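Encoded as structure tokens, the structure appears first; notes follow it.
The values are calculated or read from the model by the stated rules, or taken from the named source; none is laboratory data. Only a predicted model underlies this, so the values are computations on that prediction, with no experimental measurement involved. Cβ placement follows ideal geometry from the backbone for every residue including glycine, while neighbour counts extend to all protein chains displayed.
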Amino acid sequence: MALANMPQEQDLQVIQDSTANSEENAGRQSVKEEEFDDAPTHLPHSGTPRGPKYKPGLYVILVTLLVAGLIACRTVSTSAARHITSRTENDGISGARVKERHLRENARSQFEEGDREQRRSSSTGKQTDGDATAEEEGVHLRGAVEDLRKSRPPEVAIMEGKLEKSRKLLSAADRLAFLVTAPQAKELIGDAHEHVEEARLQFTNSGNIIASEEQLLLAVQDVRKLHLAAIAQCDALVNKVDMTEFFPMAGLETGGDEAPLEAGKLNPEDTVQSMMITFYEIKDVYFGMIEQFQGVGRAPLNSKPFENEEDINVLTDISEDLRFLWNAVASQQNLVWLANEFRNRIFIGLKEHMLSVSKTLLAFSESRLKHSQITIKLARKAHKPKGYASKAYELKFAEKKLAEAENVLNALRERIKELEATTKWEDMSEDTKVVLLQEAEQAKKLMLALHKPVLEVPPIPNDLKLQREELIVDEAEGVHNACLAESHAVRELLKDAKARLEAWLEGAYSEGMDDTIQLSEDVYSELLSKIKQIREQAKQEVDAAAQSLVQAKEALGSAVAADPLRAQTERLVNLISIREKARQLALESERLELSELEFASLQRVAADAKIYRFRESSAAKEHIITDTKKYEEAKRAVVQSETVVEMQAAMNRLRRSVAAMNRNIANDRMKKES
């Protein structure tokens with residue numbers, strides 16, 4: 001405060017001068033005692049005497065009072081500097097307050113005058129001066145910080161640097177520990193954190209650098225063990241790969257050869273064969289991925305070992321290797337699952353086709369057999385009592401051939417039942433199909449061979465012809481029931497397929513796929529349209545079969561009566577063929593479901609590949625640009641596909657392009673330059 005800065009030594013000198021003058025000039029004007037009360041700190045002056053002279057004794061008293069006032073003023077000044085306010089009511093303090101008020105008023109006046117002077121200066125000048133002052137203060141501050149830094153012992157700075165490096169080391173080790181499944185990985189990273197924290201506490205609390213160094217060394221040892229565990233993890237992942245995990249289509253492949261179902265010899269417009277093409281495409285991608293997987297997994301065995309906190313890049317490298325391997329494991333599992341799903345549907349499709357062919361042959365053979373059975377049965381009934389010896393041989397011969405045909409057809413029926421129940425791929429082989437067709441062909445030949453002996457049996461009397469027609473109608477009703485069963489199977493297949501397609505269109509199965517694009521609605525519309533057509537065809541066949549049966553019953557006994565058994569058999573064969581088409585549409589709907597899932601998966605894998613950081617010197621960095629372009633083109637083709645055939649061809653291209661992108665990453669991890 002202003003009172004603390006008063007020139008008190010000058011005051012004492014003036015007092016001494018005044019005392020000397022008063023001794024020499026005894027006739028000067030006296031000053032009233034009460035005038036000193038209001039100005040104890042004012043500088044006294046020697047003006048012209050205004051009154052009579054005082055006596056020396058009285059003057060000494062006045063000087064004593066003046067000195068006491070100055071002492072009181074000094075006390076108040078010190079108290080004010082310490083910001084202590086006192087309410088004590090005494091004359092010395094009151095005088096100090098008056099003086100302080102005067103000084104504050106003078107200071108305020110001077111400040112206001114200075115402020116007015118500053119306002120008259122230019123604003124630009126003031127800004128420049130302020131910037132210069134701030135810059136000067138900043139320089140002084142930085143200098144002070146730098147001086148403080150230089151003043152520390154070098155050991156302290158070194159330890160602080162080690163603690164900072166240890167913090168970064170733990171960050172890299174945390175990422176690595178997350179990728180190692182060994183139980184000791186969590187323990188090691190936990191111990192490393194504890195050692196680093198203990199080192200920090202030892203340094204900050206007690207300044208014990210030696211103890212801190214020991215703790216940091218223990219942390220490095222833990223991280224080194226973690227690095228070794230990561231190498232072991234890579235090796236374990238590679239050794240875990242089972243090449244037989246990718247189940248082959250046994251019976252269709254021999255010794256690794258794909259003949260006779262090589263991809264180049266398959267029809268992409270046939271449902272089952274196009275699925276086979278997809279299966280072989282997935283298989284090629286899988287085995288290519290295994291080769292890359294093994295290369296990346298064994299690379300850490302020959303890499304630089306981790307030694308100290310300076311080797312953070314070693315941890316980063318093996319973390320990237322493990323991340324690639326784990327992603328590859330997920331992709332491999334996805335490919336195996338996908339291939340087996342296609343494989344199962346290929347099995348169902350092949351089985352349905354073989355059943356369709358065999359049932360068709362069986363239906364025609366059974367129709368001929370039933371005609372022959374009715375004719376021979378009625379002939380035996382008509383001629384046995386009369387004992388036509390001349391016709392006995394023909395009848396017995398016909399019955400013998402009939403029995404042979406029945407045995408062959410019974411064997412064919414058993415073969416079909418076994419085929420319906422089988423889950424063995426061996427039963428879907430070409431050899432099995434050939435045997436089945438040979439048996440059906442043998443039954444057909446026997447039916448043709450039976451035709452002549454039946455014609456040679458004794459003719460049926462007129463009184464039994466009506467009974468013959470009735471027996472044929474009864475057999476026709478049995479075939480009609482088979483038509484109804486086939487029609488019901490068709491409706492169920494189409495119902496499930498339609499529900500599946502509509503659910504995907506409505507987004508019922510797309511949960512968790514918001515980050516990906518889905519297949520074109522045109523592909524779904526194509527299949528829904530085909531489902532409608534097949535359902536209508538099945539309905540027409542059943543209606544025609546029912547109408548034919550009614551007409552046959554109404555025409556019993558008439559000369560123009562048609563063969564209802566033959567008519568029903570033809571409708572049954574048509575429905576068997578329609579059922580195979582319905583099965584194919586059901587498989588197509590399931591294929592779309594699998595394609596949706598794979599499409600989403602491939603998009604995510606490609607997204608990860610796009611953000612991968614390649615080494616600057618890596619040749620794969622250039623290749624990824626070309627492969628990414630091919631990926632984008634294939635993805636557009638998938639989205640713009642209007643038919644299942646177009647979509648499947650685009651999906652095969654997309655799968656290959658994503659595999660190429662991952663191959664570039666694998667080459668970069670293995671540090672291959674080409």
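A few notes on this one:
- Any pair with Cβ under 9 angstrom, 6 or more apart, that starts in region 380-402 at a residue that is surrounded by fewer than 13 Cβ atoms within 10 Å (Cβ to Cβ) and ends at one that is in a helix (DSSP H, G or I) and modelled with pLDDT of 80 or more: K384/L395; K400/P453
- Test: residue in region 576-585 that is out of contact with any Leu (no Cβ under 7 Å at 6 or more places or on another chain), among the hydrophobic types (A, V, I, L, M, F, W, C) and either modelled with pLDDT of 95 or more or in a helix (DSSP H, G or I) (or both): yes
- Matching residues in region 620-638 - criterion: being within 26 Å of N267 (Cβ to Cβ) and either among the small types (G, A, S) or modelled with pLDDT under 95 (or both): A634, A637
- Of the numbered criteria (1) crowded, with 19+ Cβ neighbours inside 10 Å; (2) out of contact with any Lys or Arg (no Cβ under 8 Å at 6 or more places or on another chain); (3) under 30 Å from A562 (Cα atoms); (4) not charged (D, E, K, R), the one L466 fails is (1).
- Exactly one residue among A508, A544 is modelled with pLDDT of 90 or more and among the small types (G, A, S), and that residue is A544.
- Count of residues meeting criterion [touching a residue at least 60 places away in the same chain (Cβ under 8 Å) and closer than 30 Å to R591 by Cβ] in region 275-308: 12
- Residues in region 611-651 that are touching a Leu at 6+ places or on another chain (Cβ under 9 Å) and either of a type in the set (G, A, S) or assigned to a loop (DSSP other than H, G, I, E, B) (or both) were compared, and the one that is farthest from E526 (Cα to Cα) is A634.
This table checks each residue for (1) crowded, with 18+ Cβ neighbours inside 10 Å; (2) more than 30 Å from I346 (Cα to Cα); (3) at pLDDT 95 or above.
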site	(1), (2), (3)
P153	no, yes, no
V156	no, yes, no
A185	yes, yes, no
S206	no, yes, no
K240	no, no, no
P248	no, no, no
T254	no, no, no
A263	no, no, no
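- Failed item in (1) within 30 Å of H371 (Cβ to Cβ); (2) outside any loop (DSSP other than H, G, I, E, B), with D608 passing the rest: (1)
- So A449, is it at pLDDT 90 or above, surrounded by fewer than 19 Cβ atoms within 10 Å (Cβ to Cβ), part of a helix (DSSP H, G or I) and touching a Lys or Arg at 6+ places or on another chain (Cβ under 7 Å): no
- Verdict on L322 being over 30 Å from A567 (Cα atoms) and either part of a helix (DSSP H, G or I) or in the same structural domain as M276 (by TED's automatic domain parsing) (or both): yes
- Of the candidates S331, S274, S303, the single residue that is under 30 Å from T422 (Cβ atoms) and small (G, A, S) is S274.
- Inside region 449-469, residues that are free of Cβ contacts under 8 Å to residues at least 24 places away in the same chain and among the hydrophobic types (A, V, I, L, M, F, W, C) make up a count of 1.
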